[in-house]
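Structure first, commentary second.
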Amino acid sequence: MEHTEEFLKIAENARSRVTEISVEEAREKIENGAILIDVREDNEFAAGHAAGATHIGRGVIERDIIGKFPDKDAELILYCGGGFRSALAADNLQKMGYTNVLSMAGGWTAWTDAGAPTE
């Protein structure tokens, strides 16, 4: 997907405040209890997603996160298609008081390229 200069600018700004981890790091953290959240659109999630991922779309995550995961210290790993939307979402969750939010670098593309399990 081609991104505009404006979108990349705000995504890079958010990424400067967010911790990004690799697929391998994410899988290890998930094995140890971290929660994997897919922030892609409904149709993207329905077409395929990381095994065990919870879906909370980027458009509603700020509204719905507290109802689904009220523990603001829970380890949350967000991913999207390529790592930009998850960084934007992670940045906002941090602003909401979540203390252990991570963004998976490369998103769904990196997950599938690594041969990680999907549903």
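The values are calculated or read from the model by the stated rules, or taken from the named source; none is laboratory data. None of these values were measured; they are calculated from a predicted model. Positions of Cβ are generated from backbone atoms using ideal geometry, with glycine treated the same way; all protein chains shown enter the neighbour counts.
Being modelled with pLDDT under 95, under 22 Å from D113 (Cβ atoms) and basic (K, R) is the requirement here; does R15 meet it? Let's see the steps before the verdict.
Details: modelled with pLDDT under 95: yes; under 22 Å from D113 (Cβ atoms): yes; basic (K, R): yes.
It is true that R15 is modelled with pLDDT under 95, under 22 Å from D113 (Cβ atoms) and basic (K, R).
What pairs can you find where one residue is in segment 44-70 and on the phi > 0 side of the Ramachandran plot, the other is not basic (K, R), and their Cβ atoms are less than 9 Å apart, with a gap of 6+ or different chains?
Sorted first by the residue in segment 44-70, then by its partner, the pairs are G48/W108; G48/T112; G48/T118; G48/E119; G52/I30; G52/L36; G52/P117; G52/E119.
When you go through I77, I66 one by one, which is the residue that is under 16 Å from R15 (Cβ atoms) and either outside any loop (DSSP other than H, G, I, E, B) or at pLDDT 95 or above (or both)?
On the way: I66 fails: under 16 Å from R15 (Cβ atoms).
Criteria check complete, one pass: I77.
Give S16, S86 a once-over and let me know the one that is crowded, with 16+ Cβ neighbours inside 10 Å, of a type in the set (S, T, Y) and either closer than 21 Å to H3 by Cβ or without any contact (Cβ under 8 Å) to a residue 12 or more places away in the chain (or both). Please lay out each step first, then the result.
Details: S16 fails: crowded, with 16+ Cβ neighbours inside 10 Å.
The unique qualifying residue is S86.
Hey, can you tell me all the residues within segment 9-60 that are over 17 Å from F84 (Cα atoms), among the β-branched types (V, I, T) and not in a helix (DSSP H, G or I)?
The answer is I35, T54.
Just to verify a result, which residue in segment 69-82, among those that are among the acidic types (D, E) and surrounded by 12 or more Cβ atoms within 10 Å (Cβ to Cβ), is farthest from the chain's Cα centre (by Cα)? Full working, then the answer.
Taking segment 69-82 first, the residues among the acidic types (D, E) are 71, 73, 75.
Next cut, surrounded by 12 or more Cβ atoms within 10 Å (Cβ to Cβ) only: 71, 75.
Values: D71: 17, E75: 12 Å.
Within segment 69-82, the match that is farthest from the chain's Cα centre (by Cα) is D71.
Output the residues belonging to segment 26-68 that are surrounded by fewer than 16 Cβ atoms within 10 Å (Cβ to Cβ) and among the acidic types (D, E).
Residues satisfying the conditions are E28, E31, D42, E62, D64.
Residue by residue through segment 101-116, note down the ones that are within 12 Å of the chain's Cα centre (by Cα) and among the polar types (S, T, N, Q).
S103
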